[in-house]
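Working notes, beginning with the structure itself.
Coordinate-derived values only; no laboratory data. Here the structure is a predicted model, which is why all the values come from computation and not from measurement. Every residue, glycine as well, gets a Cβ built from its backbone with ideal geometry; the counts of neighbours run over all protein chains shown.
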Amino acid sequence: MNLLDIHQLDARHGLLQAVRGVSLSLKPGERLALVGANGAGKTTLLRTLAGIHPAAGGRVVFDGQDLSGHSAHQRAALGMALVPEGRRLFGSMTVAENLQVAASAGRRGPWHFDSVVEALPQLKPKLKALASALSGGQQQAVAIGRALMTNPRLLLLDEVSLGLSPAAVQGVYDSLARVVAMQTTLILVEQDLQRTFAFADRIVCLLEGRIVASGLTRELTREEVMDHYFGHRR
Ligand code: ATP
């Protein structure tokens, strides 16, 4: 059975339709990358799945359950976790506190404080530091750790490498590799196609809110994806 089935999902910002009739499915353990130019609707799609942004039409079925009318909190309790663009930590709380407050939002499972810190070892010396005092890469690790504390069945990752140094990006992806070893299903929004190809099983390209291309990573070339990226062949 699929973990996630999205049927004809629409989402708007006022008059602007940011997500247009998106349908896709995800099997347990799959790693899907959403790509597309700025403004293609990737963030809106993730936020709509997480219940932070309202759907304007369509249906999301998660583990056989129709999520229509489910709040963000209810979706988190069912096992959906969003690592938002910009991280959005509690800056005046310590790293440990940021992780601990997330636990109450989620489910029971393999992830708990110790296993999260083990998967994100860069946090170990920083547990008592205020989140606001951390580097960008460390803050991103906290944001990922906070999502893991809810024991997600589906992890939604929005531009985890945005604004980070190459070394910090590498650190974040090393962490994600350890997370994936625990068989978490995920949808990743990533601008860096090289990372996308290295990390995802399947790629979906959005243009102006619509899916314009999709396929298994091993069957696609970067050139093919780039051709769809801006809606024209180069
Ligand atoms: P980016 O890579 O820039 O984050 P994206 O693919 O994630 O792009 P979205 O952020 O989902 O795209 O934006 C989709 C469309 O919705 C864009 O045209 C954007 O300008 C518009 N949009 C996004 N957020 C809002 C908002 N809060 N109010 C109005 N329009 C918005």
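Quick rundown of the values:
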read-out: Separation in nanometres of the label points that stand 7 Å from Cα toward Cβ, at E97 and M226; value: 4.7
read-out: Ascending count of other beta-carbon atoms within 10 Å, so fewest first, for K27, K124, K42; value: K124, K27, K42
read-out: The chain - mean residue ellipticity at 222 nm from DSSP helices (-39,500 (n - 2.57) per run, n ≥ 4, rounded to 500); value: -9000 deg cm²/dmol
read-out: 13 Å beta-carbon shell around R88, net charge (K/R +1, D/E -1); value: 0
read-out: Region 1-130 shape via C-alpha gyration tensor axes, a/c threshold 1.5; value: prolate
read-out: The chain - Debye-derived log10 I(q)/I(0), Cα point model, q = 0.08, 0.12, 0.15, 0.16 Å⁻¹; value: -0.28, -0.64, -1.01, -1.14
read-out: Pairwise centroid distance, computed over Cα atoms, of region 207-223 with region 1-33, Å; value: 14
read-out: Proximal lysines relative to K42, as straight alpha-carbon distance under 23 Å, when same-chain residues fewer than 8 apart are discounted; value: K27
